[in-house]
Structures are given as C-alpha cells and as structure tokens.
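S.K.: Input: one structure, supplied below.
Coordinate-derived values only; no laboratory data. Keep in mind that what you see is a predicted model, and the values were worked out from it rather than measured. Note that each Cβ is placed from the backbone with ideal geometry, even for glycine, and that neighbours are counted across all protein chains shown.
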Amino acid sequence: MKRATVRGEITLLCVLFLATATGNGQSKNELVRRKEDALREISITDELLKKTERNRKTSLNELILLNRKLTLRNNVIKNINLEIQFVERQIEENKELIELLEEDLQKLKKEYADMIYAAYKKRENYNKLIFVFAAKDINQAYKRMKYLQQYAQYRRKQAVVIERMGELIAHKVNKLEEYREEKRRLLKQNEGEKSYLAEEREEKNIAVVQLQKEEKKLRLQLREKERIAKELEKEIQAIIAEEAKKVRNFDRLTPEEKLLANNFVSNKGRLPWPTERGVITGTFGIQEHPVLKGVKIENFGIDISAPENALARAVFDGEVKKIIGIPGANQAVIIQHGNYFTVYQNLVEVRVNMGDMVKTKQALGRIFTDHNDENKTVINFMIWEEKNKLDPMPWLSGN
C-alpha cells in the first residue's frame, strides 16, 4: 500500500506540474505579446516625433505624441514586471517540485534497497523452487509462482522509476537555471525601460512648460476643433435621420442591411484599423486638455496619428453614404453598415464616390498631412449606432 501511494504521489505531482506549466505558458505568451505590441507602437511614435525635430518650437501635436509614448512605456514596464512575477512563480514552483521529487526519490531508493536486502536474506534460507514445491496443493503452488513473477516484475519497474525520477530532477534543475537567467534578463530590460521613462517624462514636462506660454493660441485651436466636430455631428445626424425616414425606423431594415449590421457586430474586436500603421493620440469621450488647466475636451471618436502620406481604409464592407467637405477639416467619408456608420475625417484625394459599395481595407483617400504643423497626419475615426456615438477602441483589432 505504501509503495502504491508513493508512486501515485509522483504521478500526481507530474500531472499537476504539466497542467500549471501549460496554463502559465499561455499567460506568459499574452504578456510577451502585449509588451511587443507596446514596443512596436513606441517605435512608430518615435518615427512620428522625428518629424517634429525640424522645428525647435514645441507643438501640441508633439506633446500628444509624448504623452502617448509615456503611456506605452508604462505599459511596457507593467508587462515586464508581470513577466518577472511569472518567472519568480516558476522558480519557486520548480524549487518546490525538485524538493518533493528528491524526497520521493530517496524513499524509492530506500524501499528498493530494503527489497533487495530482503530478497538476499530469503535466498540464504531457501530458494524459489523450494518456496513453490512447499505449497500444500497445485493451486497454492500456482499462486506462489505468480507472486514470484510479479515480485520480480515490480523490482524491475522500481529500478526504471528510480532512473526516470533522476532524469526528471536533472531536467527540472536545468529549467530552474533557465528561469533564473530569464529573470536576470528581464530585470536588466526593466531598468533600461525605466531609464527611458525618466528621460521621456523630463521631455514631456519641458514641452508642457513651453506650451503653457501659448495659451491664447491653444484656445483658438480648441474652438476651431469644436466647430469642426459640431458641423460633422450635424451632418451625420442628418444622414441618420434621412436613412431612418426611408425605412420609417431602423427596426425595418432590409434583410441585406440587417445581415450587414449583424456581421459588423459579430466582428467587434476584430475590425482592422482605419490606417495600416499609426498610434492612438486621442481617445473617445470627455477628458482633460493636455495643457489648458480646467478645460475639458470631447472626442466623438479616436485620433490616430499616422506616417506622412498614409491612406485611410474602410474597416468593414459597406456603402459610402456621403462625402462631406468641412472648411478647415478637409473631407470626411461616411460608410453605412446596416444601422451602423463609420466616419473617416481629415482626408484629401478621396478615392470613392457616394453610393459605392466598399470592401474591408479598401483605400478611401489619403490622410491630410499638415506641413505647417510639423507634418501632423491625423485621422479622426468614429463609429455610430444610429444616433449613438460609440467608442471605436473595443471594436478594433488589438494588432
């Protein structure tokens, strides 16, 4: 009974270890993916910031990019810390497992040694043939033969188990050293990221101080942005009202429109970005102005800063309902997906026409590059469900 228990404990330990390692492996892969995504976005942000170095005068766009970079850098550090915690757990789990395996190995070795010694002593008193022939009848003799066979087989298995236990312990010791080396590498990477973060914070603080001296200019820019947003909202509301009038209400969409809307919703979280490369530099909703104290700004969508000459592209199949020209804001393309609408604002050289049926990732036009504002190339992207403004971020793919 004792022998079966020891072997059962060893099997259970191995099963538990493998299950834990698999689950943690998936968790670790997700942490690494998030860190790499943030580092890629930092690389794009650096690329965009280099465009501002030609002009030594700080701009609001530069500050927004610096703020985004700080957020991304903090995300990198956070994920590295989580990776370190994961590795530390793996180190502790491997240490505990090695101790338990070594303890069980010692028990197995002692048990095996006792078995060999007992067999040696018994061999001195009588041999196996005498043991069998001493049986009272043939049935008992058969049972004794089977016992001797099983006993010999068990001894061979015990020897194999001891050998495999030794191999398993050696493997775990190697894994333990690998995890320790990985922890040292992550700690070094973490220190480097913290150093970058400190430099970037200083850069951001300098930019804020410089921009605070231009409060009047910033307030004028804010009022212009609010004017554009209101005009665009008015146009979108008019389009929605017109579509609703056609079908009395959105509950009476055509079967094709309902299918399109359902497909759009089913792809939430998987929609491609409205530009191939870029970084989020303006989030959805009401938030604090990055410089003006006590001033709130509202964004009906999200702002994506892209490289110069970047193209805007449709995030899903749909119909181009309208192309709007707004003074100071270039053009906006509105695409209908059943009772959902996506809006792509600040385009030039538009490549589609009203009534066109577009496909996912189809180019809509070039995002305007403002050469008077350090080559700022920003698209404002919105999603509407009838009259309701939605945060686009949960709809877009994480990659």
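S.K.: Run down the aspartates and glutamates and flag those whose C-alpha is under 17 Å from the C-alpha of LYS321, throwing out any fewer than 8 positions away in its chain.
M.R.: Filter leaves GLU231, GLU233, GLU235, GLU242, GLU243, GLU256, GLU257, ASP356, GLU385, GLU386.
S.K.: Residue separation times 0.36 nm, minus the C-alpha to C-alpha distance between ASN190 and GLN237: what's the value?
M.R.: Between ASN190 and GLN237, full extension yields an extra 12.1 nm.
S.K.: At a 10 Å Cβ-Cβ cut-off, how would you order ILE297, ILE138, ILE367, ILE206, fewest neighbours first?
M.R.: Exposure proxy ranking, most exposed first: ILE138, ILE206, ILE297, ILE367.
S.K.: Sort SER27, SER59 by Cβ crowding within 10 Å, fewest neighbours at the top.
M.R.: By the 10 Å Cβ count, ascending: SER27, SER59.
S.K.: Once you order the gyration tensor axes a ≥ b ≥ c over the Cα atoms, which shape class does segment 199-324 get: rounded for a/c under 1.5, otherwise prolate or oblate by comparing a/b with b/c?
M.R.: Taking the square roots of the gyration eigenvalues as a ≥ b ≥ c, segment 199-324 is prolate.
S.K.: Enumerate the residues in segment 372-395 having an amide nitrogen under 20 Å from the point lying 7 Å beyond the Cα of GLU30 toward its Cβ.
M.R.: Answer for segment 372-395: 393-395.
S.K.: Right, next: How do TYR344, TYR196, TYR179 line up, fewest other C-beta atoms within 10 Å first?
M.R.: Fewest-to-most Cβ neighbours within 10 Å comes out as TYR196, TYR179, TYR344.
S.K.: Still on this structure, I have one more. In segment 281-371, which GluC sites (Glu not before Pro) are in a loop and have at most 16 other Cβ atoms within 10 Å, using DSSP for the loop call?
M.R.: Answer by residue number: GLU308, GLU349.
S.K.: Separate question: Hey, which of these cross-link pairs are over 20 Å Cα-Cα: LYS225/LYS359; LYS35/LYS78; LYS50/LYS376; LYS234/LYS322; LYS78/LYS175?
M.R.: LYS225/LYS359; LYS78/LYS175
S.K.: Oh, and also: Stretch LYS230-LYS95 to full length: gain in nm at 0.36 nm per residue minus the Cα-Cα span?
M.R.: Value of the extension gain: 42.3 nm.
S.K.: Going by a ≥ b ≥ c, the root eigenvalues of the Cα gyration tensor, does segment 264-399 fall in the rounded group (a/c under 1.5), the prolate group (a/b larger than b/c) or the oblate group?
M.R.: oblate
S.K.: In whole angstrom, note down how far apart the Cα centers of segment 267-287 and segment 341-396 are.
M.R.: 11 Å
S.K.: Here's something else I'd like to know. How large are Rg and Dmax for segment 316-376 when calculated on the C-alpha trace, in angstrom?
M.R.: 12.2, 39
S.K.: If I model a spin label at GLU178 and ASN372 as a point 7 Å from the Cα along the Cα→Cβ vector, what separation in nanometres do I get?
M.R.: Each label point lies 7 Å from its Cα, and together they span 6.0 nm.
S.K.: Sticking with this one: Please give the residues of segment 262-302, grouped as numeric ranges, whose backbone N is less than 16 Å from a label point set 7 Å along the Cα-to-Cβ vector of ARG219.
M.R.: In segment 262-302, the label zone of ARG219 (backbone N under 16 Å from the point 7 Å along Cα→Cβ) covers 289-297.
S.K.: Along the Cα-to-C-beta direction of LEU39, a point sits 7 Å from the Cα; which residues of segment 80-99 have their amide N less than 18 Å from that point?
M.R.: Under cut-off, by backbone N: 80-87.
S.K.: Right, another one. When the Karplus curve 6.51 cos²θ - 1.76 cosθ + 1.60 is applied with θ = phi - 60°, which whole-Hz ³J(HN,Hα) does each residue of segment 89-95 get, with x for Gly and Pro?
M.R.: For segment 89-95, the Karplus-derived couplings read 5, 5, 4, 5, 5, 5, 4 Hz, x marking Gly and Pro.
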